[in-house]
Amino acid sequence: MDPVAADLSLADLHPALDDPSLTSMNFLNEIAGRFPDALSLAAGRPFGGFYETEALHRYLRIYRDYLRDERGFDDDRIAMTLHQYGRTKGIVSELLARNLSLDEDITVDPESIVVTVGCQEAMFLVLRALRADDRDVLLAVSPMYVGITGAAKLVDMPVLGVADGPDGVDLVDLAAKVAAARADGLRPRALYVVPDFANPSGVTVPVAVRRALLDFAAQEGLLILEDNPYGLFPVGDQRLPTLKSLDRDRVVVYLGSLAKTVFPGVRIGYAVADQRVVDPVSGRIGLFADELSKIKSMVTVNTAPVAQAIAAGKLLEHGCSLVPATVREREVYQANLTRMLAGLARSFPPGSPVTWNVPAGGFFVVVTVPFLVDDELLAYSAREHQVLWTPMHHFYAGAGDIRQLRLSYSYLPPDDLDEGIRRFASFVSARLQFRGAPSMA
Ligand SMILES: Cc1ncc(COP(=O)(O)O)c(C=O)c1O
């Protein structure tokens, strides 16, 4: 477009709008749109093979019956609850608290829960609250989910990466980063971490490291932002305690998402923010959740009551536990991971320069290759080999020379997954043969 015809300049808009973290999700969707025949090992979407439209009606009816039978609401009050503006902190906090108690051994007062439009809004609210002035910085285990990078950019909060290492968070690096930030006059406010089957790395933090991390946070006055969208999808039945369930000092703000356990279109997430906040003038003590709620009232007013009702219906249908509600999905993910690892092992036998990690659950495998992985290479892979994956540089906040990519095994049905891995292997083999050539794009 002719620049003279433009009405606004990007240079005059918020700097985040020019940041790669805000464009990476759109870029990946755009590539998928340009190559509709390409199989996607990129999308971190949950498997959709069990979705039924009729279930939405059932969930709404279940929630209506709960309001009537357990809460004593009459028809008018039920209609108002579903149709009117609602409480800013949400209308299903009691059910989420029951769910957290059953599935995560987290005991929490429902008043500490803010129901949000996806976990993404919860991240934004927490970061907005913590970024009080330009000394405040966020620490985040790197590589990190682009949603946290983007949310931090939008509130002008610098993010300092902390190495993940084999334990999902390198405590030595964390201590060094905190000390260095303080020496620079900065105020590290929180560490963002996905302890269970992280996106993108797939890594899980061992229990002893969880405990040490909590001790460190308590000693240093640092909050931990625990994001846990994949915790219900382990390989096998073994699950580790969440940081929040081990938290005795109220240092953990727990970020929940129902995107993978209910469905993403419902857009329900939440923050558990039971920290006590003092008003230094009046001495009054309140909950951090109530401060987040003030911000939420100016961002989304309240989370759609209809969406909360549908999510609540699914919770109620399974006695508020999402473990039995996700048995079939868990089986799909376990089988898909086995297929993906077998496909990779067939394609790249021992001695190959191509390696990958073996996650203990979640949605993602990270593949390391002996060549640079950038967006041009992804476009080449989509065009010539009809397969999509995610370049890992998107998760390193702009670092160059990344030789890794993320494969997702959650979304494709088994036959497509096998074919996707076959295409991926032929793409990598072609790239290995052309090593040394200037560009494949
Ligand atoms: C680590 C992580 N956090 C949060 C989210 C987003 O959750 P929601 O869809 O509830 O906003 C995702 C989605 O992929 C994710 O991978």
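Readers should treat all values here as calculations from the given coordinates under stated rules, not as data from a laboratory. Worth saying up front: this structure is predicted, and the values here are computed from it rather than measured. Don't worry about glycine lacking a Cβ; one is built from the backbone with ideal geometry, like all the others, and counts go over all protein chains shown.
Observations
- Toward the positive end of the charge dipole of the chain, with +1 on the Cβ of Lys and Arg and -1 on the Cβ of Asp and Glu, the farthest Cα among V365, I31, A5 is that of V365.
- Kirkwood Rh in Å, taken over all unlike Cα pairs in region 129-232: 13.7 Å
- Averaging 1/r over every pair of different alpha carbons in region 147-194 and inverting the result gives a Kirkwood radius of 11.6 Å.
- Shape analysis of region 30-186 based on the Cα gyration tensor places the equivalent ellipsoid semi-axes at 37, 25, 16 Å, largest first.
- Under 5 Å, built H, 5+ apart or other chain: amide partners of W356: T368
- Point-to-point label distance, R135-V207, nm (Cα→Cβ direction, 7 Å offset): 3.9 nm
- Options L186, V115, G351, ranked by Cα towards positive dipole end of the chain, top entry (Cβ charges): G351
- Overall form of region 256-410 per C-alpha gyration tensor (a/c, 1.5; a/b vs b/c): prolate
- Compactness ratio for region 308-349: Cα radius of gyration over 2.2 N^0.38 Å (N = residue count) comes to 1.78.
- Once you reduce region 87-149 and region 311-387 to the center of their Cα atoms, the two points are 26 Å from each other.
- Antiparallel %, DSSP beta bridges [both residues in the chain], to 5: 50 percent
- Over region 176-223, the alpha carbon radius of gyration divided by the compact-protein estimate 2.2 N^0.38 Å works out to 1.29.
- Taking the Kirkwood radius as Rh and the Cα radius of gyration as Rg, region 325-420 has a ratio of Rg/Rh equal to 0.97.
- If you look at the Cα atoms of the chain, you get an Rg and a Dmax of 22.5, 73 Å.
- Taking every C-alpha pair closer than 8 Å and separated by at least 6 residues, the mean separation divided by the residue count of the chain gives a relative contact order of 23 percent.
- Segments 287-297, 8-18 sorted - mean Cβ within 10 Å per residue, highest first: 287-297, 8-18
- Relative protection proxy for 45-56, 134-145, 324-335, from highest mean packing down: 134-145, 324-335, 45-56 (other beta-carbon atoms within 10 angstrom).
- Among 209-220, 376-387, the order from most to least packed when residues are scored by Cβ within 10 Å on average: 376-387, 209-220
- Alpha-carbon gyration tensor eigenvalues x 5, square-rooted, for region 169-314, Å: 27, 24, 13
- Of all aspartates and glutamates in the structure, the ones whose alpha carbon falls short of 14 Å from that of K244, not counting any fewer than 8 places away in one chain, are D103, E104, D105, D109, D196, D215, E226, D227, D274.
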